[in-house]
Amino acid sequence: MAVLNFDIKSVSLPNNEEGKAVFLTGSIDASTNQTFEKRLSDILSSGTTSVMLVLTNVKYINSTGLGTIVKCVDTFREKGGDIKLVGVPTKVIALFEMLGLLALFETHDTIDSAVASFGRKKDAKAAAAPTVKFPLQFKHPVTGMGLNISQPGRFKDPRTGDYFSVDAAGTIEFYEMSKIKMAELKLPAHTDFADAVAPLAASLCAACKLPNSVVDAVTRALSRAGTLLNSKAGDANETCNILLVADQDKLQVGIVSYGSALSVRPDDPALREIAGLVDEAKHQVLPTRGNLLTLVKRAR
């Protein structure tokens with residue numbers, strides 16, 4: 001059973017209020033999630049609305065834990081406070097990016113930076129003018145229930161508990177954490193990725209009822225990605241993390257490299273070749289350190 005340890009310290013904020021720095025060690029998953037949520041709820045109930053969640057020593061977060069973090073951040077903001085994430089491990093940043101969640105959080109490298117941020121006034125710059133007419137009416141993509149949104153922003157469906165955002169152009173993004181299946185591997189950069197990852201990808205696709213063609217396409221792309229990493233890795237001991245995320249619509253595989261294995265130019269021919277094997281191949285430099293190559297294959 002996973003373990004999650006808490007070390008909670010009081011912190012003086014620039015506005016002379018008291019905040020809490022919550023140092024976590026272990027994993028946030030189904031076995032620890034209830035305790036994790038209760039500890040944050042207790043902090044809020046005590047009157048503290050400013051929290052720094054220090055994730056430096058968190059080794060694993062599953063979809064349940066991610067959903068709870070989103071929920072708790074939302075709850076603290078509703079009370080006029082915030083939860084800011086500190087020392088987020090690179091692979092967790094990569095996971096946030098793959099799930100489209102990174103923009104929902106404020107992240108900091110150090111506690112000092114997070115503390116200082118509580119003293120800054122919120123950006124008063126006006127939001128971009130909507131390019132579609134609000135209120136906007138649409139249906140939940142799974143339940144079919146109608147939703148009515150008066151303005152762009154981030155919202156929670158009270159009936160399903162799902163979070164979603166709507167931008168000024170009317171683009172809707174749902175965060176159905178309960179529908180996501182995830183897995184993680186750590187492999188040497190010289191490993192044959194396709195052989196190592198394909199069985200796990202197939203298992204996730206089966207759980208989400210994705211067709212075999214999804215696994216086949218991703219396996220081919222992984223084989224080519226493995227060749228790229230093998231050619232770029234500067235150290236025989238270099239490792240990378242493989243993050244797999246599946247839902248009813250698509251399979252995503254993220255390759256996180258901390259060394260030179262993915263230090264490539266955006267116009268590298270190998271990236272174009274990989275992109276031709278899946279629906280999307282996105283290479284990016286992560287805000288912490290390292291590079292992320294995300295492969296996306298959607299169900300047809």
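Full extension from R289 to E18: what is 0.36 nm times the residue separation minus their Cα-Cα distance, to one decimal in nm?
Working: separation 271, 0.36 × 271 = 97.56 nm, distance 3.12 nm.
Answer, rounded to one decimal: 94.4 nm.
May I ask what percent, to the nearest 5, of DSSP beta bridges between residues of the range 19-151 are antiparallel?
Antiparallel bridges make up about 20 percent of those DSSP assigns within the range 19-151.
Just grab the label-to-label distance for L147 and T227, each label 7 Å out from Cα along the Cβ direction, in nm (one decimal).
The modelled label-to-label distance comes out at 4.2 nm.
If I fit a long axis through the Cα atoms of helix 33-45 and take the longest principal axis of the Cα atoms of the chain, what angle between them do I get, 0 to 90°, rounded to 10?
Its long axis makes an angle of about 30 degrees.
Just to confirm my numbers, what's the Cα centroid distance between the range 228-273 and the range 1-73 in Å?
Each part reduced to its Cα centre gives a spacing of 31 Å.
Give the peptides 204-211, 144-151 in descending order of average Cβ contacts within 10 Å, highest first.
Ranked from most to least packed, the peptides come out as 204-211, 144-151.
Taking a 27 Å limit on the Cα-Cα distance, which of the listed pairs K139/K209; K20/K179; K133/K297; K91/K133; K20/K59; K232/K297 fall beyond it?
The answer is K20/K179; K133/K297; K91/K133.
Quickly estimate the mean residue ellipticity at 222 nm for the chain, helices only: each DSSP H run with n ≥ 4 gives -39500 (n - 2.57), and the total goes over all residues, rounded to 500.
-9500 deg cm²/dmol
Arrange the following residues from fewest to most other Cβ atoms within 10 Å of their Cβ: V253, V197, V264.
Lowest count first: V264, V197, V253.
When ranked by the protection proxy of mean other Cβ atoms within 10 Å per residue, highest first, what sequence do the peptides 221-228, 40-47 form?
The densest-packed peptide leads the list: 221-228, 40-47.
If I model a spin label at K133 and A275 as a point 7 Å from the Cα along the Cα→Cβ vector, what separation in nanometres do I get?
Calculated label separation equals 3.7 nm.
Computed from the coordinates by the stated procedures, all read-outs in this text should not be read as laboratory data. The shown structure was predicted, so the numbers you read here are calculated from the model rather than taken from an experiment. Here Cβ is always computed from backbone atoms with ideal geometry, including for glycine, and neighbour counts include all displayed protein chains.
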